[in-house]
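As structure tokens, the structure follows; a few thoughts come after it.
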């Protein structure tokens, strides 16, 4: 069963959005962001909730002033139980709603993990510091049960010229924690929005948790510098390949044990972000910020798909709004 991607937009160039989302995962319709003051709510389609495992929402707004948002979900389980779960706020947000432990839907900072099958669900978004006319993209990725297809190899190579950046050469107190903002900095440079790496790290830090690897917080940091983005549970390598062929690198979240990823920059990780920048035959080309040198690397494609698509499957895509 395929994953689902829901999109809501305002003030965006439709062609730019179409280029940045592969046809195989693009929803039939991009819905408008119809604000009710500083709030926006919508019901998740029943088809998306069937066999759903995770819900990953994200807001991206091209805005260089302080702004922030918070998501909450109201739901009813198939057993008839109704409740609410709340994600941590992203960006500059005052008066955030406090979350409570919920056994049916667990709010894990930026991810809603579904433990009990849902009958219905409504997602609520509150924003602060955002004008209703600025370019904005709301994405909701829903991961559902189903096997990931094996990757297919092609004779055509794709190589994107993403500048390299190592996290390991940064200040010692940061070096082992900032793979995600280092990856964002590489994509900013790729799109011609170069920035001081320490500024990007500071902007990507998630204030409630103190973490640097919170996915939507990193998209928020990129949006402050003019790039939109969305989060996606990638359903297959072919979806990733389509993005690469269109010129869009991917920041992928991988997880592996010793020996699962040959010649990896680090032996094992419970969660690591790197830039996928192309492929050649049976290898995937990456910029791995965990490398002190040789950031540009080639990993075995089958192994990489296992530690990415069969684990978190999450990647984020940044792109210019025009």
Legend entry - Residue selected from region 194-210 under the condition touching a helix residue (DSSP H, G or I) at 6+ places or on another chain (Cβ under 8 Å) and in a loop (DSSP other than H, G, I, E, B), by the criterion surrounded by the fewest Cβ atoms within 10 Å (Cβ to Cβ): 194
Legend entry - Residue match in region 286-299 (condition: more than 18 Å from residue 163 (Cβ to Cβ), touching a residue at least 12 places away in the same chain (Cβ under 8 Å), out of contact with any strand residue (DSSP E or B) (no Cβ under 6 Å at 6 or more places or on another chain) and surrounded by 20 or more Cβ atoms within 10 Å (Cβ to Cβ)): no
Legend entry - Count - residues of region 175-193 that are over 22 Å from residue 231 (Cβ atoms) and crowded, with 17+ Cβ neighbours inside 10 Å: 1
Legend entry - Criterion: touching a helix residue (DSSP H, G or I) at 6+ places or on another chain (Cβ under 8 Å), modelled with pLDDT of 95 or more and either assigned to a loop (DSSP other than H, G, I, E, B) or under 25 Å from residue 309 (Cβ atoms) (or both) - qualifying residue of 181, 151: 181
Legend entry - Residues (in contact (Cβ under 8 Å) with a residue 24 or more places away in the chain and more than 16 Å from the chain's Cα centre (by Cα)) located in region 177-197: 177, 189, 190, 191, 193, 195, 197
Inset, instruction - All but one of (1) surrounded by fewer than 16 Cβ atoms within 10 Å (Cβ to Cβ); (2) in contact with a helix residue (DSSP H, G or I) (Cβ under 9 Å, 6 or more places away or on another chain); (3) without any contact (Cβ under 8 Å) to a residue 60 or more places away in the chain hold for residue 261, so report the exception by its number. - result: (1)
Inset, instruction - Can you confirm whether region 3-14 contains a residue that is under 14 Å from residue 122 (Cα atoms), modelled with pLDDT of 95 or more and assigned to a strand (DSSP E or B)? - result: yes
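Residue-wise test of (1) part of a strand (DSSP E or B); (2) within 30 Å of residue 310 (Cα to Cα).
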{"residue": "65", "(1), (2)": "no, no"}
{"residue": "76", "(1), (2)": "yes, yes"}
{"residue": "80", "(1), (2)": "no, no"}
{"residue": "88", "(1), (2)": "no, yes"}
{"residue": "95", "(1), (2)": "no, no"}
{"residue": "103", "(1), (2)": "no, yes"}
{"residue": "107", "(1), (2)": "yes, yes"}
{"residue": "116", "(1), (2)": "no, yes"}
{"residue": "125", "(1), (2)": "yes, yes"}
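Only residues that are part of a helix (DSSP H, G or I) and farther than 19 Å from residue 190 by Cβ: list them for region 226-242, please. Talk me through it step by step, then tell me what you get.
We begin by selecting, within region 226-242, every residue part of a helix (DSSP H, G or I); these are 237-242.
237, 238, 239 - these are the residues of region 226-242 that are part of a helix (DSSP H, G or I) and farther than 19 Å from residue 190 by Cβ.
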Inset, instruction - Please identify the pairs in which a residue from region 146-173 that is on the phi > 0 side of the Ramachandran plot and in contact (Cβ under 8 Å) with a residue 60 or more places away in the chain has its Cβ atom under 6 Å from the Cβ atom of a residue that is part of a loop (DSSP other than H, G, I, E, B) and surrounded by fewer than 16 Cβ atoms within 10 Å (Cβ to Cβ), counting only partners at least 6 apart or on another chain. - result: 146/1
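The values are calculated or read from the model by the stated rules, or taken from the named source; none is laboratory data. Only a predicted model underlies this, so the values are computations on that prediction, with no experimental measurement involved. Virtual Cβ from ideal backbone geometry, glycine too; neighbours counted across all protein chains shown.
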